[in-house]
Amino acid sequence: MSLLAQTLEKITPPDYNCEELAQQRLDNLTKPPGSLGVLEDIARRLAGMQGTPLPRLPQEKVSLVLAGDHGVVAEGVSAFPQEVTPQMVLNFLRGGAAINVLARRAGARVVVADIGVAGPVIAHEGLVNCRVKAGTDNFVHGPAMSRQEAVTALETGITLLKQQVKQRPALVGIGEMGIGNTTASTAVLAAFSGLPAEQITGRGTGIDETRRQHKAAVVERALKVNRPDARDGLDVLAKVGGLEIAGMAGIILGCAAEKIPVVLDGFISCAAALVARSLAPLSAAYMLASHRSQEPGHAIMLEMLGLKPMLQMAMRLGEGTGAALAFPIIEAAICIINEMATFAEAGVSQGE
């Protein structure tokens, strides 16, 4: 049995009994019921994921950042040239990017992996080299990758998770780097949702309106050429996805199999989440949405996944920055359910 098949078979629902017990405690804490909002939702869901009514603080927090390039940049869909991808990878490795700053603040380790950067292999001892191929093909002329390459990239993500996350309980955030990846993510969303590209295409790295319209037209061309099957997540991924999207989808599936909460970042990571959910619907039960980005399709993705974002901060950077910002919020939710007194414990009269 392949690693992907083994992982899919291992994914089971969270412990709903533990969720119910956690909710009972939350309802009896010294506050009006539901008054801590999303914090209570997080604590309850973590109880189910960890299989205990009192979820524990993570012993390990990791931001997994995957880098991959996209052949579709040849169509002029981005404000930045493709050589920015390896340049930013080196910036991550030197600790100078936004994800490094925010992860340090959250006490999380950053792991940077090359799963599909175009050009020569990046020489740096801190880089995890798990390159499947040197960037995807231009999907306006045919599939972005073969079906087997898509499977390999998914399994690469699963393996990366196994290699990098050893302690339990753990908290994993996912992020990415890859010029052109909002175009691929838009195509993935269009394939799964059936919505017109014009409606869901955003400005990505900051393109103007003329180029945004061109980008939408490129996505429509890719859909007509490839005809991805929304009922088959692998087909969508192979035809209009990206290698870093595939790797993140693999990480999500691996987290679900190991009952580890995985914190989604923005638009690109949610494209990976749509792929993961298509392959294993139960995987969505282990996803936490960090924020809602400025990309117009992101809110649609979150609705499709049934997830509520913790933050809305007009962000659109990627890299896993939103996920890193959410780490302290998640830990706060765990502390609330564990450390806050109930009415009985505090000797406080409870309302009717």
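The values are calculated or read from the model by the stated rules, or taken from the named source; none is laboratory data. Predicted model, so just to flag it, every value in this text is computed and none were measured. Cβ sites come from the backbone with ideal geometry, for glycine too, and all protein chains shown count toward neighbours.
Selection of helices (runs of 4 or more DSSP H) fully inside the stretch 1-52 by the criterion of at least 2 residues being over 30 Å from V151 (Cβ atoms) and not aliphatic (A, V, I, L, M) returns 16-27, 38-50. The residues listed here are A103, A79; of these, the one that is part of a loop (DSSP other than H, G, I, E, B) and either out of contact with any Asp or Glu (no Cβ under 8 Å at 6 or more places or on another chain) or not assigned by TED's automatic domain parsing to the domain that holds N129 (or both) is A79.
The condition (being in a helix (DSSP H, G or I) and either out of contact with any Gly (no Cβ under 8 Å at 6 or more places or on another chain) or within 18 Å of A144 (Cα to Cα) (or both)) is satisfied by just one residue among T182, T205: T182. In the set (1) in contact (Cβ under 8 Å) with a residue 24 or more places away in the chain; (2) on the phi < 0 side of the Ramachandran plot, N129 fails one condition alone, (1). Looking across A299, A314, A284, A341, one residue alone is assigned by TED's automatic domain parsing to the domain that holds Q23 and surrounded by fewer than 18 Cβ atoms within 10 Å (Cβ to Cβ). It is A341. The residue that is farthest from G175 (Cα to Cα), counting only those in the stretch 233-269 that are outside any helix (DSSP H, G or I) and not aliphatic (A, V, I, L, M), is K259. Checking the stated criteria, E319 turns out to be part of a loop (DSSP other than H, G, I, E, B), buried (at least 24 other Cβ atoms within 10 Å of the Cβ), among the acidic types (D, E) and in contact (Cβ under 8 Å) with a residue 40 or more places away in the chain. When A326, A332, A314 are checked against the criterion of being part of a helix (DSSP H, G or I) and out of contact with any strand residue (DSSP E or B) (no Cβ under 9 Å at 6 or more places or on another chain), a single residue qualifies: A332.
Q82 meets all of the listed conditions (1) farther than 27 Å from V218 by Cα; (2) touching a residue at least 40 places away in the same chain (Cβ under 8 Å); (3) more than 20 Å from the chain's Cα centre (by Cα) but one, namely (1). No other residue among V218, V140 is modelled with pLDDT of 95 or more and part of a helix (DSSP H, G or I) apart from V218.
So which residues in the stretch 170-210 are surrounded by fewer than 23 Cβ atoms within 10 Å (Cβ to Cβ) and touching a strand residue (DSSP E or B) at 6+ places or on another chain (Cβ under 8 Å), if there are any at all? Within the stretch 170-210, A170 is the sole residue that qualifies.
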